Amino acid sequence: MSFFQVRAVAICLLINALDGFDILVIAFLAPEIAQQWQLSPDTLGILLSAGLAGMTAGSLLLSPLADRYGRRPAILLSLAVTSLGMVVSAFTGDLAQLTAARFVTGLGIGAMLASLTTIVAEYASDRRRAAAIGFSMAGYPIGAIFGGFATLYLLEAFGWQAVFLFGGLLTGLMIPLSLVFLPESIEYLLTRRDPDTLERINRVLGKMNKPQLDRLPDIEPMPATAANRVTELLAPAFRRQTALVWAVFFLTLSSLYFAQTWTPQIIVDAGFDLSEGVSVGVLIQVGALLGILVIGVLTARLSVATTAALLMGFGFVAMAAFSLTLGQIGTLSALAVCIGLGVNAAVIALYALVADVYPVNIRTTAIGWAIGVGRFSAVLSPAIAGFVLDLGVEEGTLFLIFALPMLLAAGLVLAIKPKAA
């Protein structure tokens with residue numbers, strides 16, 4: 001891979017890092033906001049779900065626009081929306097306003113994730129594709145780890161509003177950086193066939209140290225509308241694969257976002273202080289980073305589907321063990337790393353798997369819809385968890401309930417076959 005290709009992947013990593021900060025910061029701030037505003041568990045669950053609801057809407061409704069207008073414009077617009085949502089969050093005065101601002105933040109992030117994954121998949125070499133996707137996805141836990149430490153400092157020094165403002169300004173700074181350094185997808189340019197397509201592609205190929213083209217290769221044009229691309233996902237050639245992909249994302253993301261959003265609050269409710277709650281939440285993201293290294297080792301020897309299944313099984317065991325040790329902070333900290341290694345890394349493996357299942361002309365739509373369908377459960381799981389806690393169910397039992405989807409997902413993912421198989 002040339003420096004130009006590596007830089008494209010690195011820009012995607014930085015954007016993913018800010019996304020991790022922006023979407024998970026509410027989990028770190030939840031105990032403080034809940035105390036100040038006297039929120040019940042079911043009400044807090046709705047607030048935790050608001051950003052995820054926005055991500056779902058962004059994935060389903062806005063991410064297909066990238067297949068029509070380009071990955072790069074979609075990412076730039078999404079960065080602007082995300083930054084706006086974070087800045088507005090800092091100036092909200094009640095639950096309804098903050099919930100709406102979190103929805104807008106999630107809308108921008110949801111619209112962006114599929115395009116980022118697609119650019120990385122297309123600019124990485126065949127040999128490095130799975131590793132490059134894992135590397136770029138590492139930005140998400142890195143940003144969440146950074147967000148945890150930033151939250152502890154800014155919360156104590158300036159209050160929770162400063163944390164949102166800080167995240168919004170950092171996200172805004174990525175707009176000019178992406179405008180200058182983030183390239184458009186070559187495969188997208190090939191499907192559009194604009195008058196200057198050949199010139200633009202050769203310019204990019206030169207930066208990649210690859211031979212120039214004398215003419216555009218023959219390729220089937222991209223479908224004219226997003227609706228056509230979604231219909232292709234359900235065509236006979238992809239129907240079974242799409243059903244399996246959606247089911248696996250649905251199950252895995254329900255466990256993932258329960259663990260990510262509720263863990264700090266559950267630690268605080270178990271009698272520990274806010275810094276310990278945030279620290280355990282951060283350790284889940286540390287585990288996610290370790291999981292990315294494990295993905296690189298496993299995918300060198302096993303298929304991506306097998307790797308995902310192993311990680312899902314490990315995540316189930318870690319969450320089940322977590323449910324039995326809520327009074328022991330040292331054990332909880334170690335298990336939090338294991339949860340991140342299993343559950344978070346399994347999701348990252350799924351991104352790489354989906355990129356191998358669908359052709360380029362519907363790949364962004366496929367990833368966007370997989371994420372969007374999966375996030376229906378991600379939206380529901382924090383709210384359902386809050387409702388169940390409000391009914392008096394113990395926190396340990398709740399963790400065990402949300403571990404079970406990982407077990408089922410581990411079986412289903414093995415039935416997904418890449419297009420080359």
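The values are calculated or read from the model by the stated rules, or taken from the named source; none is laboratory data. The structure presented is a predicted model; accordingly, all values stated were derived computationally and were not measured. Positions of Cβ are generated from backbone atoms using ideal geometry, with glycine treated the same way; all protein chains shown enter the neighbour counts. Areas reflect the complete protein model, heavy atoms only, side chains present, ligands, DNA and RNA absent. Shrake-Rupley method; radii C 1.70, N 1.55, O 1.52, S 1.80 Å.
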Exercise for the section: Would you check which residues across the range 334-362 are more than 17 Å from Met137 (Cα to Cα), at pLDDT below 80 and part of a helix (DSSP H, G or I) and list them? Expected result: Val360, Asn361, Ile362
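I need the helices (runs of 4 or more DSSP H) fully contained in the range 62-162, keeping only those with at least 1 residues that are open to solvent by less than 10 Å² (accessible area, probe 1.4 Å) and in contact with a Phe, Trp or Tyr (Cβ under 6 Å, 6 or more places away or on another chain).
Details: elements: 65-69, 71-89, 95-123, 129-137, 139-158.
The qualifying helices (runs of 4 or more DSSP H) are 71-89, 95-123, 129-137, 139-158.
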Exercise for the section: Quick one: Ala383 ticks every box in (1) surrounded by 22 or more Cβ atoms within 10 Å (Cβ to Cβ); (2) in contact with a Gly (Cβ under 7 Å, 6 or more places away or on another chain) except a single one, so which number is it? Expected result: (1)
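Conditions (1) more than 20 Å from Gly45 (Cα to Cα); (2) among the aliphatic types (A, V, I, L, M), marked per residue:
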site: Ser89; (1), (2): no, no
site: Arg102; (1), (2): no, no
site: Leu107; (1), (2): no, yes
site: Ala114; (1), (2): yes, yes
site: Ile119; (1), (2): yes, yes
site: Glu122; (1), (2): yes, no
site: Arg127; (1), (2): yes, no
site: Ala131; (1), (2): yes, yes
site: Gly139; (1), (2): yes, no
Fill in the blank from the handout: Taking the range 306-318 and the residues there that are within 19 Å of Leu414 (Cα to Cα), open to solvent by less than 10 Å² (accessible area, probe 1.4 Å) and of a type in the set (Gly, Ala, Ser), the one that is modelled with the lowest pLDDT would be Ala308
Practice task
For the range 234-245, indicate whether the set of residues that are without any contact (Cβ under 8 Å) to a residue 12 or more places away in the chain and open to solvent by less than 40 Å² (accessible area, probe 1.4 Å) is non-empty.
Solution key: yes
Problem - Selection status of Val297, part of a helix (DSSP H, G or I), more than 23 Å from Ala378 (Cα to Cα) and open to solvent by 40 Å² or more (accessible area, probe 1.4 Å) - result: yes
Practice task
Evaluate the following for Leu169: is it open to solvent by 10 Å² or more (accessible area, probe 1.4 Å) and touching a Leu at 6+ places or on another chain (Cβ under 9 Å)?
Solution key: no
Handout entry: Residues that are surrounded by 24 or more Cβ atoms within 10 Å (Cβ to Cβ) and among the hydrophobic types (A, V, I, L, M, F, W, C), drawn from the range 366-378
Key = Ala366, Ile367, Trp369, Ala370, Ile371, Ala378
Practice task
Could you check, for the range 283-299, whether at least one of its residues is of a type in the set (A, V, I, L, M) and more than 29 Å from Ile416 (Cα to Cα)?
Solution key: yes
Fill in the blank from the handout: Pairing a residue in the range 394-420 that is in contact (Cβ under 8 Å) with a residue 60 or more places away in the chain with any residue that is of a type in the set (Asp, Glu), where Cβ atoms lie under 9 Å and the two sit 6 or more apart in sequence or on different chains, gives Glu395/Asp269; Pro418/Asp356; Lys419/Asp356; Ala420/Asp356
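Which one is farthest from Ile109 (Cα to Cα) among residues in the range 36-93 that are among the aromatic types (Phe, Trp, Tyr) and at pLDDT 90 or above?
Out of the qualifying residues, it is Trp37.
On the basis of being among the hydrophobic types (A, V, I, L, M, F, W, C) and at pLDDT below 85, does Ile295 make the cut?
Values: among the hydrophobic types (A, V, I, L, M, F, W, C): yes; at pLDDT below 85: yes.
The answer is yes for Ile295.
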